[in-house]
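Read through the structure below, which is laid out as C-alpha cells, and then see the notes.
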Amino acid sequence: MLIRIGCCGFAVSRKKYYQEYDVVELQDTFYNPPDEAKLRKLKAEAPDGFIFTMKAWQAITHPPSSATWRRCKVKIPKERWDKYGFLRPTKENFDAWELIVKGAKAISARVVVIQTPPSFGYSEENYRNVIDFFSSITPTDFAIGWEPRGTWRENPDKVREIVEMFRELVHITDPLRVLPATLKEISYFRLHGIGGREVNYKYKYTDDDLTKLKNILSQLKSREVYVLFNNIYMASDAKRFKEIFTKS
C-alpha cells in the first residue's frame with residue numbers, strides 16, 4: 001500500500017510544505033472557477049513527484065444561495081439559481097464541470113474532490129441526480145472522490161450502489177468517524193477532527209488518535225491511500241502522523 005499524507009490547503013509556506021509533504025488538496029478551486037494559468041504555474045514550481053488533488057468548484061454542489069458563494073467572483077442571476085448545485089443534471093452544472101476538468105488537467109490532479117453539503121442529504125430525487133450527473137460527465141484521467149454529507153451517512157447502501165456504478169468514483173470519508181461504503185484501488189480520506197456532528201476543525205489529534213488511524217489504514221486493501229488533514233492543527237497533525245505511520 002502506498003500512502004500519501006498531507007493537508008487541505010497549504011498550511012505553511014509552499015516552500016516549507018514541499019519539503020515536508022508530498023501531496024496537497026487545493027481549496028481555492030472550490031470557491032472560484034479553477035484558474036488554469038495559476039494552476040500551471042503552481043505545478044511548475046512544485047518538485048518532481050509532488051501530487052496535487054483539488055476540491056471541485058462549488059457550482060456543481062452548492063446552490064448560489066449558499067453562504068460559501070459569498071467568496072465567489074462569479075455572480076449568478078437569481079432566476080438561474082435553481083440550475084446550479086446539488087449535482088443537478090443541468091447544462092449549467094455540466095458547463096461548470098468542464099471548467100473543473102480543465103483545471104484538473106492543468107495541475108495534473110490525481111483526485112478531484114466533490115463535497116456535497118448537508119442540505120443535499122439522501123432522497124430519491126438526490127439519489128437520481130447523483131446517478132444522472134455521474135452518468136453524463138465525460139471520462140476523466142483522474143479519480144473522482146465524492147464526500148457526501150448529511151443523511152447519506154444513514155444510507156450507506158445507497159452510497160455503495162452509486163460508487164460501485166462508476167469505476168473512477170471513490171467514496172470519501174473521515175475514517176475515524178466512518179469507513180467508506182465500498183473500497184476501491186484508491187482510498188481518499190479527509191480528517192475533520194473528532195467530536196461535533198460532522199466536523200470539529202478546532203480538534204487537535206492525540207498520538208492515540210493517530211495510532212488508531214494507522215491501525216485502521218493498515219487493514220485496507222487499497223493500492224493507494226490519500227490522507228488529508230483538514231483542521232486548524234493540520235500541519236503539525238499531518239507531520240506527526242507521518243512519523244507514527246512510518247514507525248515499525
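Rule-based calculations on the coordinates, nothing more; no lab input. Predicted, not measured: the structure shown is a model, and the values here were computed from it. A quick note on method: Cβ atoms are made from the backbone with ideal geometry, for glycine too, and the neighbour counts reach across all protein chains shown.
Show me 24-35, 213-224 ranked by packing, highest mean number of other Cβ atoms within 10 Å first. Walk me through the intermediate numbers first.
Numbers: 24-35: 20.3, 213-224: 13.9.
Going by the mean number of other Cβ atoms within 10 Å, highest first, we get 24-35, 213-224.
On C-alpha positions alone, give me the angle between the axis of helix 91-107 and the longest principal axis of the chain, in degrees, nearest 10.
30
For segment 2-49, what number results from the quotient of the Cα radius of gyration and 2.2 N^0.38 Å? Intermediate results must be reported in sequence, preceding the final value.
Details: Rg = 11.2 Å, N = 48, 2.2 N^0.38 = 9.6 Å.
After normalising by residue count via 2.2 N^0.38 Å, the value is 1.17.
Between 0 and 90 degrees, rounded to the nearest ten: what's the tilt of helix 207-218 against the longest Cα principal axis of the chain?
Once rounded, one gets 70 degrees.
Expressed as a whole number of Å, what is the distance separating the alpha-carbon centroids of segment 159-215 and segment 32-52?
Taking the Cα centre of each part, segment 32-52 and segment 159-215 sit 26 Å apart.
Do the sum for the chain: with -39,500 (n - 2.57) for every DSSP H run of n ≥ 4, divided by all residues, what is the mean residue ellipticity at 222 nm, to the nearest 500 deg cm²/dmol?
One gets -10500 deg cm²/dmol as the mean residue ellipticity at 222 nm.
Which number do you get for Rg(Cα) / (2.2 N^0.38 Å) in segment 37-122?
Values: Rg = 14.4 Å, N = 86, 2.2 N^0.38 = 12.0 Å.
So segment 37-122 has a normalised radius of gyration of 1.20.
Taking +1 at the Cβ of each Lys and Arg and -1 at the Cβ of each Asp and Glu, which of W152, Y17, I186 sits farthest along the dipole of the chain towards its positive end, judged by Cα position relative to the Cα centre?
Going by the charge dipole, the pick is Y17.
Rounded to the nearest 10 degrees, what's the angle between the helix 124-136 long axis and the longest principal axis of the chain, both from Cα atoms, 0 to 90?
Result, in degrees: 80.
Taking every Cα atom in segment 144-247, find the radius of gyration and the maximum pairwise distance Dmax, and write them in Å.
Rg then Dmax for segment 144-247, in Å: 13.7, 37.
Figure the gain on full extension for D22 and S65 (residue separation times 0.36 nm, minus the Cα-Cα span) and round it to one decimal in nm.
Stretched out fully, the D22 to S65 stretch lengthens by 11.9 nm.
Just how large is the dipole of the chain about the Cα centre, in debye to the nearest 20, putting +1 at every Lys and Arg Cβ and -1 at every Asp and Glu Cβ? Show your work: numbers first, answer last.
Working: 41 positive and 32 negative charges, 141 e Å.
Around 680 debye, computed over the chain.
If R0 is 25 Å, what FRET efficiency do you get for D141 and K91 from their C-beta distance, rounded to 0.05?
Given R0 = 25 Å and the Cβ-Cβ separation, E is 0.60.
Give, to the nearest whole percent, the P(r) tail of the chain beyond 23 angstrom, counting all Cα pairs.
49
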